[in-house]
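The values are calculated or read from the model by the stated rules, or taken from the named source; none is laboratory data. No experiment lies behind these values; they were computed from the predicted model shown. All Cβ positions, glycine included, derive from the backbone under ideal geometry; neighbour counts span all protein chains shown. Accessible surface areas use protein heavy atoms only, side chains included; no ligands, DNA or RNA. Shrake-Rupley method; radii C 1.70, N 1.55, O 1.52, S 1.80 Å.
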Amino acid sequence: MKETKLAKIALGAWAWGNDGTFGDELSINSLKPIFDRAMENGLNLWDTAYVYGMGTSEKTLGHFLKGLDKNSYVISDKFTPQVANYSSKTAVKDMLEIEYNNLGIDKMDIFWLHNTVDRIKWITEIAQYFEGDLDAPIIGVSNHNLSEIKEADKILKEHGLRLGAVQNHYSLINRSSEDSGILDFCRENDIYFFSYMVLEQGALSGKYNKNHPMPANSDRARIYNPVLDKLEIMNEKLRVLSDKYDVSPAQIPVAWAIAKGTLPIIGVTKVEHVDDALKAMNISLSEDDIKDLENLADSLNFNLVRMWEKKME
């Protein structure tokens, strides 16, 4: 398996699939400045999936990759069981070829099993596909609990590979991957932990409150608007720390995720999101501030497990 140097932050292209989560239509023209700003500043790790708009996210990213040196970017993509061709004996190859075509590339840097649907079948087929490949990507699993992570690692090792990455929902208000021992397991076994939804789709950005809720036509509104009273308290603490460190509130949760030893995935739909990510990489939160943030989050008792995930116990 090849060695791949990863940036401190991955940029997520989930919303580039135009699935309606953020309530806006995104276009090539609106996203190009975002891609350019990131690449110019060394943020070259891009996380996508075929299921994000059924190829739309990949095709958009692929449009921007055209003509670039293949060593100048790192691509993280996924095998999603729900869109796999179960009737094919080469389902992993089939999906990879679609993704390669959408992205305009011929090798993946990081390849994930997206969730636990028929997980043994699919991690075994992924392992078989890459067995003996000296240029195999980092292989990861997403939305897996600790026992499932260990199971995947065991299967991969039986085929001369190993688990190189885990990607789970992890934020100040959802630390189940820490409480369950997943973060410790990753540290002990030299496995990257990618934390997604660190900003809870903007809920921890300081931009929303009871007087300024999330757009009613977005899926975010259904999840976060009912708990805006708690989020106001959390965001006020983020504002206090943002003043202390002379940054914006949205940069504090990202800095926290980095301080916890994780690699946050930040969804980018505006140039300012890239700028926030760049600034967050330079923040060193004190241990006391980290504890204060976590204690406050615990006291508010959020329960924001989404429909595609589960608790990590």
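Cβ separations smaller than 9 Å between residues 6+ apart or across chains give the following pairs from the stretch 214-226 residues that are among the charged types (D, E, K, R) to residues that are assigned to a helix (DSSP H, G or I): Asp219/Gln201; Arg220/Glu200; Arg220/Gln201; Arg220/Gly202. Among the criteria (1) over 16 Å from the mean Cα position of the chain (by Cα); (2) charged (D, E, K, R); (3) within 23 Å of Arg187 (Cβ to Cβ), the one Lys260 does not fulfil is (1). Evaluated against (1) modelled with pLDDT of 95 or more; (2) open to solvent by less than 10 Å² (accessible area, probe 1.4 Å), Met214 falls short on exactly one condition, (1).
Screening the stretch 184-215 for residues that are touching a helix residue (DSSP H, G or I) at 6+ places or on another chain (Cβ under 6 Å) and aliphatic (A, V, I, L, M) and picking the one that is nearest to Glu148 (Cα to Cα) gives Val198. If you go through the stretch 101-125 and pick out every residue that is at negative phi and outside any helix (DSSP H, G or I), you end up with 13.
Residues in the stretch 46-89 that are free of Cβ contacts under 8 Å to residues at least 12 places away in the same chain and either assigned to a strand (DSSP E or B) or among the hydroxyl-bearing types (Ser, Thr, Tyr) (or both): Tyr86, Ser87, Ser88.
I'd like to know if the stretch 218-232 contains one or more residues that are under 29 Å from Asp184 (Cβ atoms) and open to solvent by 50 Å² or more (accessible area, probe 1.4 Å). There is at least one residue in the stretch 218-232 that is under 29 Å from Asp184 (Cβ atoms) and open to solvent by 50 Å² or more (accessible area, probe 1.4 Å). The residue of the stretch 245-259 that is most open to solvent (accessible area, probe 1.4 Å), among those that are free of Cβ contacts under 8 Å to residues at least 40 places away in the same chain and assigned to a helix (DSSP H, G or I), is Ala259. Residues that are of a type in the set (Gly, Ala, Ser) and crowded, with 21+ Cβ neighbours inside 10 Å were ranked within the stretch 16-52; the one that is modelled with the lowest pLDDT is Gly17. For the condition under 25 Å from Ala38 (Cβ atoms), surrounded by 13 or more Cβ atoms within 10 Å (Cβ to Cβ) and without any contact (Cβ under 8 Å) to a residue 12 or more places away in the chain, Asn168 does not qualify. Ile258 falls short on exactly one of the conditions (1) more than 30 Å from Ala165 (Cβ to Cβ); (2) of a type in the set (Val, Ile, Thr); (3) touching a strand residue (DSSP E or B) at 6+ places or on another chain (Cβ under 9 Å), and that condition is (1). Can we say Val83 is of a type in the set (A, V, I, L, M), farther than 21 Å from Asp135 by Cα and touching a Phe, Trp or Tyr at 6+ places or on another chain (Cβ under 7 Å)? The answer is yes for Val83. Scan Ile265, Ile283 and give me the residue that is part of a loop (DSSP other than H, G, I, E, B) and at pLDDT 95 or above. Going through Ile265, Ile283 in turn, just one is part of a loop (DSSP other than H, G, I, E, B) and at pLDDT 95 or above: Ile283. Against the test of being closer than 23 Å to Trp46 by Cα and out of contact with any strand residue (DSSP E or B) (no Cβ under 9 Å at 6 or more places or on another chain), the options Asp135, Asp190, Asp184 yield a single qualifying residue, Asp135. State all residues of the stretch 126-139 that are part of a helix (DSSP H, G or I) and open to solvent by 40 Å² or more (accessible area, probe 1.4 Å); if no residue qualifies, say none. Passing the criteria: Gln128, Tyr129.
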